[in-house]
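Beneath this line is the structure, given in C-alpha cells, with notes to follow.
The values are calculated or read from the model by the stated rules, or taken from the named source; none is laboratory data. This one's a predicted model, so the numbers in the text were calculated from it and none came from an experiment. Cβ placement follows ideal geometry from the backbone for every residue including glycine, while neighbour counts extend to all protein chains displayed.
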2 protein chains.
Amino acid sequence: MRQLSTIAGLRDFTRDAPRPLGLVPTMGALHAGHLALVAAARAECASVVATIFVNPTQFGPAEDLARYPRPLAEDLAALEAAGVAAAFVPSVEEMFPAGAATTIHMDGPALPLEGEARPGHFDGVATVVAKLLLEVGPDRAYFGQKDGQQLAVVRRLAADLDMPVTIVAVPTVREADGLAVSSRNAYLSAEQREAAPVLYRALAATRDRFRAGAQARAELEAGCRALLAQQPLFDAVDYVAAVDPDTMEPWAGAGPAMLAAAVRMGDVRLIDNVLME
Amino acid sequence: MRQLSTIAGLRDFTRDAPRPLGLVPTMGALHAGHLALVAAARAECASVVATIFVNPTQFGPAEDLARYPRPLAEDLAALEAAGVAAAFVPSVEEMFPAGAATTIHMDGPALPLEGEARPGHFDGVATVVAKLLLEVGPDRAYFGQKDGQQLAVVRRLAADLDMPVTIVAVPTVREADGLAVSSRNAYLSAEQREAAPVLYRALAATRDRFRAGAQARAELEAGCRALLAQQPLFDAVDYVAAVDPDTMEPWAGAGPAMLAAAVRMGDVRLIDNVLME
C-alpha cells in the first residue's frame, strides 16, 4: 500500500491506477463500518484509495475536534490488510492552504435534522468531500448509510456539481446488540454503552410497525420517541423524523422513508437511522 | 461544429475529443473579446468546447438578466467560423434542475470591488463555472482579463477545489478608442459611447504614472479618480482600486498590481482594469 500526503503525489498515483477506481473517505479511527466501505469498494473496483483526514471545517466550535481519535499507525495497518492500494493522509495545510476562500454551501437535504443541530456541519462536509472527489477522481465513492443525511447531501453535491462519479451507499454495520458502529461509541461509559442499543431497538421496532401497516408519519415518530423516552440515560432526544431519504423532507406517505434519530448521553451524541419501505 | 444541449450529450462528445481540450465559457452575445478567448484556446488545444449560458444565478434582482442579449444563431455561426469543435448551449433547467441545493460561496478575492457592488454575483459565477468545468472536464479554460476580479475568483475556485485544469487569462480586447469590448457597450447611447473611453484612458494614464515611478497606492487611486471625475457623463464612480491581482487586496506596494475601476452611465455599469508592473 502506498501512503501519500500530497495532492501532487496522489495525482501521480491515480493517473496510472487500474480502473474503476474507488474512493473511501474517512476521518480515521477506523472500525468495522469503515472496513465495510473498503470491502464494498474492493468488490466493485480495480483499485481503492482510502483517505484519512480529520476535517476541521465540519466540526462546530463546541464539538470534539481536538479529542477526535487519531490512531494513524493502526489505521494504516487496517487499510493495508483490507487491500487498499493507497492511503491519502494529507495535513490540514495541504487541504486548506493559506488563502483558501471557497466553501460549498448546501441547502435542501442539508437543512433539517443534523443541519439544525450542527450549523455549518454539512457545508464543511460538502467542501471537503468535493475536494477529495476532485483530488482522487474516482469512478465510485463509498459512504455509510449510518450517516444517512450525509449520504443524501453528498449525492446532492455530486449531482449538482455534475461530478462524473457514482455515490455508493453501504449498509450500517452494527454490534451484536444492534448499536451502530461509530468512532464516538468509545466515548461512552460502560453504563451508557449498555443503554445505547435502545436507539437502534426503537428505530427497528418502529420500522416493524411501519411494515405491519402503521404508516402515519406523526404516529410513527411519536411512537419511536416514546420508546426512546423509556431509556433514562438518554439525556435528550434531538430529533426523531421519518423523512424522504433523498431530500430529507418529511416523509410524504409514499415511497421509501428513512427514520432517523439523534440522542444525547452526557456529552456524547449518537445518531442512527433505518430505511423503511 | 456539434451543438449540444444536454450534459449527457456533452460527456459523450468530450469522452473522445482530442486532447488537450479547451473550454471557453460565455454568456453568448459574442464579440471580439470572446473570439480572442476562442483564438487563444485554438492555439493551445486540440479541441475547443465553447459554452453559451446566460447564468441567472450571477445576476442580482435589479440587474439586466431579462434584457441580456441572446443572439443564438449569430453566436453559433461565429463559434463555428472560429473553429470551435462543440457548442454547449444548455437550458436553465439542464443546469439548475429542480431540487438543486448546492452553491459555491467565495470569500477572499470575491469580497471587495464587484463583490461589494453585486452581492452574491461571484457565488453565482463560481457555482456555474465549477459546474461547467466539471461537465466539460477541460485541460485548459479561458477567461478574459477584462473581468479581472472574476479571473482571480475562478483561479481561486479551481485551486481550492483541486480541479485538474489550467486557468488561462486572455488580454482585454479594446475598440480603436480604447474602450474595452463588452456586451453591455450596446446599451450606451451615442453620446455615452463617445464618453466611455475616458474609463480606459484614466486607467492607462495612471499606469503610465506608475511606470514613471509614482507608486503610492492612495495617490494613484486619487489621480485616476480625478481623471474620471472630469467626464460629466460618468454619473458615479463605484470604485477605483489598485489591488493584488490574485487576492484583490489593496496593493501592498510591491509586485504586480491591477488597477480596476467601475463607473456608471445612466443604468449602464462599465468596468475595466489594467495590469501594472
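Overview of results
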read-out	value
Members of the range A:116-143 that are at the interface with chain B (Cβ under 9 Å from one of its Cβ atoms) and either at pLDDT below 95 or within 27 Å of A:VAL237 (Cα to Cα) (or both)	A:ASP123, A:ALA126
Tally, over the range A:161-186, of residues that are crowded, with 18+ Cβ neighbours inside 10 Å, away from every other protein chain (no Cβ under 14 Å) and assigned to a loop (DSSP other than H, G, I, E, B)	4
Every residue from the range A:43-63 that is under 19 Å from the mean Cα position of the chain (by Cα) and either in a helix (DSSP H, G or I) or closer than 15 Å to A:VAL168 by Cβ (or both)	A:VAL48, A:VAL49, A:ALA50, A:PRO56, A:THR57, A:GLN58
Members of the range A:253-276 found to be under 23 Å from A:LEU157 (Cβ atoms) and either aliphatic (A, V, I, L, M) or surrounded by 17 or more Cβ atoms within 10 Å (Cβ to Cβ) (or both), listed by number	A:ALA257, A:MET258, A:ALA260, A:ALA262, A:ILE271, A:ASP272, A:ASN273, A:LEU275
Residues satisfying the stated conditions in the range A:144-159, i.e. within 14 Å of chain B (Cβ to nearest Cβ), surrounded by 24 or more Cβ atoms within 10 Å (Cβ to Cβ) and not hydrophobic (A, V, I, L, M, F, W, C)	A:GLN149, A:ARG156
Residues satisfying the stated conditions in the range A:1-33, i.e. assigned to a helix (DSSP H, G or I) and of a type in the set (A, V, I, L, M, F, W, C)	A:ILE7, A:ALA8, A:LEU10, A:PHE13, A:ALA32
Residue in the range A:155-172 that is touching a Pro at 6+ places or on another chain (Cβ under 8 Å), touching a residue at least 40 places away in the same chain (Cβ under 8 Å) and of a type in the set (Ser, Thr, Tyr) present	no
Condition met for A:LEU79 (touching a residue at least 60 places away in the same chain (Cβ under 8 Å) and facing chain B (nearest Cβ under 10 Å))	no
Residues within the range B:95-115 that are more than 10 Å from every other protein chain (Cβ to nearest Cβ) and touching a residue at least 12 places away in the same chain (Cβ under 8 Å), tallied	4
Residues of the range A:64-93 classified as outside any loop (DSSP other than H, G, I, E, B) and of a type outside the set (D, E, K, R), total	11
Index of the failed condition, B:ALA36 passing every other in (1) crowded, with 18+ Cβ neighbours inside 10 Å; (2) more than 14 Å from chain A (Cβ to nearest Cβ); (3) in contact with a helix residue (DSSP H, G or I) (Cβ under 8 Å, 6 or more places away or on another chain); (4) not in a strand (DSSP E or B)	(3)
